Amino acid sequence: MPTLVRDLKIAEDDWRLVDEGPAAPGLIAPLDAWRENPGGAGVWLRSDTEIDAVADEVLAAPVIAIEFPAFADGRGLSMGALLRSRHGYQGELRAFGEVVPDLTEYMHRCGFNAFVMASERDAEAAIASIGHMSDHYQASVREPVPPFRRFTA
């Protein structure tokens with residue numbers, strides 16, 4: 001059963017992802033359906049969406065869900081990083097699809113704060129994976145200044 005990790009905790013999912021039909025509050029709808037009735041609804045984006053072309057529209061959504069269609073498809077990581085850093089999105093940024101625990105640390109560093117995992121066991125592994133490292137050499141959306149710039153003698 002899919003399990004939601006939000007802000008590093010297993011959480012109740014108060015949103016429902018839909019493949020088609022009109023957008024409505026409490027639903028996360030595909031971009032085209034969301035455009036017809038965005039009021040209070042979340043939007044989900046395919047990994048091939050050109051984020052700079054739709055960012056101005058979707059920033060008003062309380063939830064932006066980005067689909068990861070395959071384990072090796074990293075385009076969603078770039079989308080998340082761009083939404084947070086270039087476009088200043090402050091709402092829930094959710095990863096869904098082929099989300100595996102090993103990649104959630106990278107997703108988190110790119111600005112995702114919610115992940116739909118395949119099971120509770122995967123959700124627990126994802127939380128552990130994200131908390132495994134206390135610091136990283138590279139800059140990220142969450143920590144834009146790398147350690148060699150933060151620490152001086």
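The values are calculated or read from the model by the stated rules, or taken from the named source; none is laboratory data. Predicted model, so just to flag it, every value in this text is computed and none were measured. So basically every Cβ, Gly included, is an ideal-geometry build from the backbone, and we count neighbours across all protein chains shown. Surface accessibility is based on the protein's heavy atoms, side chains included, excluding ligands, DNA and RNA. Shrake-Rupley method; radii C 1.70, N 1.55, O 1.52, S 1.80 Å.
Determine the calculated [θ] at 222 nm for the chain from helices alone, applying -39500 (n - 2.57) to every DSSP H run no shorter than 4 residues and normalising by the residue count; nearest 500 deg cm²/dmol. Don't skip to the answer; put the middle values down first.
Values: 6 runs with 49 residues, N = 153.
After summing the helix terms and dividing by the residues of the chain, the value is -8500 deg cm²/dmol.
Work out from phi, with θ = phi - 60° and the Karplus expression 6.51 cos²θ - 1.76 cosθ + 1.60, the ³J(HN,Hα) of each residue of the stretch 62-68, listed in order in whole Hz, and give x for Gly and Pro.
x, 9, 10, 9, 10, 7, 10
With all protein chains present, how much of the accessible area of the stretch 3-150 (probe radius 1.4 Å) comes from carbon and sulfur, to the nearest whole percent? If you can, show how the numbers build up before the last one.
Numbers: 3940 of 7780 Å².
Of all accessible area on the stretch 3-150, carbon and sulfur atoms account for 51 percent.
Just to confirm my numbers, what's the Cα centroid distance between the stretch 93-113 and the stretch 26-48 in Å?
Each part's Cα centre sits 19 Å from the other's.
So what is the accessible area of the stretch 3-150 per residue, in Å², with the probe set to 1.4 Å? Before the final figure, lay out the partial values.
Values: 7780 Å² over 148 residues.
For the stretch 3-150, the solvent-accessible area averages 53 Å² per residue.
Whole-Hz ³J(HN,Hα) for each residue in the stretch 17-30, computed from phi via Karplus 6.51 cos²θ - 1.76 cosθ + 1.60 with θ = phi - 60°, x for glycine and proline: what do you get?
Each residue's phi maps through the Karplus curve to give 7, 10, 7, 7, x, x, 6, 7, x, x, 10, 10, 10, x Hz.
Out of GLY97, TRP15, PHE148, whose Cα points farthest toward the positive end of the dipole of the chain (charges: +1 Lys, Arg; -1 Asp, Glu; placed on Cβ)?
Final value for the positive-end residue is PHE148.
Taking the radius of gyration and the Kirkwood hydrodynamic radius from Cα positions alone, what is the Rg/Rh ratio for the stretch 3-150, to two decimal places?
On the way: Rg = 15.0 Å, Rh = 15.5 Å.
Ratio of gyration radius to Kirkwood radius for the stretch 3-150: 0.97.
For the pair ASP19 and ALA70, what calculated FRET efficiency results from E = 1/(1 + (r/R0)^6), where r is the Cβ-Cβ distance and R0 = 25 Å, to the nearest 0.05? Intermediate values should be presented prior to the final figure.
On the way: r = 18 Å, r/R0 = 0.71.
So the FRET efficiency works out to roughly 0.90.
Extension gain GLU12-HIS132, at 0.36 nm per residue separation less the Cα-Cα distance, in nm? The partial results should precede the final answer.
Working: separation 120, 0.36 × 120 = 43.20 nm, distance 2.38 nm.
Taking GLU12 through HIS132 to full extension adds about 40.8 nm, to one decimal.
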